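I have placed the structure first, in the form of structure tokens, so that the comments after it can refer back to it.
Computed from the coordinates by the stated procedures, all read-outs in this text should not be read as laboratory data. Just so it is clear, the structure is predicted and the values come from calculations on it, not from any experiment. Reconstructed Cβ throughout: ideal geometry from the backbone, glycine too, with neighbour counts over all protein chains shown.
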Amino acid sequence: MRVLLADDHALFRAGIASLLKAWGMDVVGQAGNGIEAIELTRRLRPELVLMDVAMSPCNGLEATRVIKTELPDVKVIIVTVSEDDQDLFEAVKSGAEGYLLKDMSEEELGSTLAKISAGEPALSPGLAAKILDEFARIAKEGAGKSAGPEGELTDREREVLRLVADGATNREIGSQLYISENTVSFHMKNILAKLHLKNRAQAAAFAIRAGLADDGEPDIAPT
């Protein structure tokens, strides 16, 4: 995997770079602020950017928004000391595929990178719970409003989306719905396109907000 590191602490970048190289990953570049991260991503086209939040000029959330708008296939994981809920919510809304705290262990980082490689969102259980709580609150506030874009989804896409909101992987979704992982990936692409979302984390958050995760058990009849 080709990785770009964006952090204003050179020593932290060096440590992460050394670890990633030991795991056989290719660290293609290092940026000291958001502007450098955007420029290097445009030029080097990494598969993944590990992005700090508190950088100047141009912080990591602003850089993430630009990168995901211009190069949506580039995955971004926020790696920060910030435990501020607002930073977490803004990261997901900006399109980041994951959010990690810098006090994570090597094992946690390795597990996160494996999830990203498999196309899964990279959020610790605690942070994922915060997102679900926030969007559950929003769903309650918006109860009774007119139907949104989820009405454009097919029944099968709604089933997939419900399972994504429950944290299921593509393999687990395929097993429960009796479809292949490739078919799950196809449905996910359609879901993201129809709902104008950037990634799986946003799709899960949308499902909670729209109340789709509470629709009951999915239909598991083969298709």
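For a label point 7 Å from the Cα of Ala114 along Cα→C-beta, name the residues of the range 21-36 whose backbone N is under 19 Å from it.
Counting only backbone N, you get 21-26.
Residues of the range 151-179 with amide nitrogen under 18 Å from the 7 Å Cα-to-Cβ point of Ser185?
160-161, 164, 168-179
Please say if the range 1-88 is rounded, prolate or oblate, where rounded means a/c under 1.5 for a ≥ b ≥ c the square roots of the C-alpha gyration tensor eigenvalues, and otherwise the choice is prolate for a/b larger than b/c and oblate otherwise?
Here the range 1-88 falls in the oblate category.
Taking 7 Å along the Cα-to-C-beta vector as the label spot, tell me the Asp84-Leu101 distance in nanometres, rounded to one decimal.
According to this spin-label approximation, the distance is 1.6 nm.
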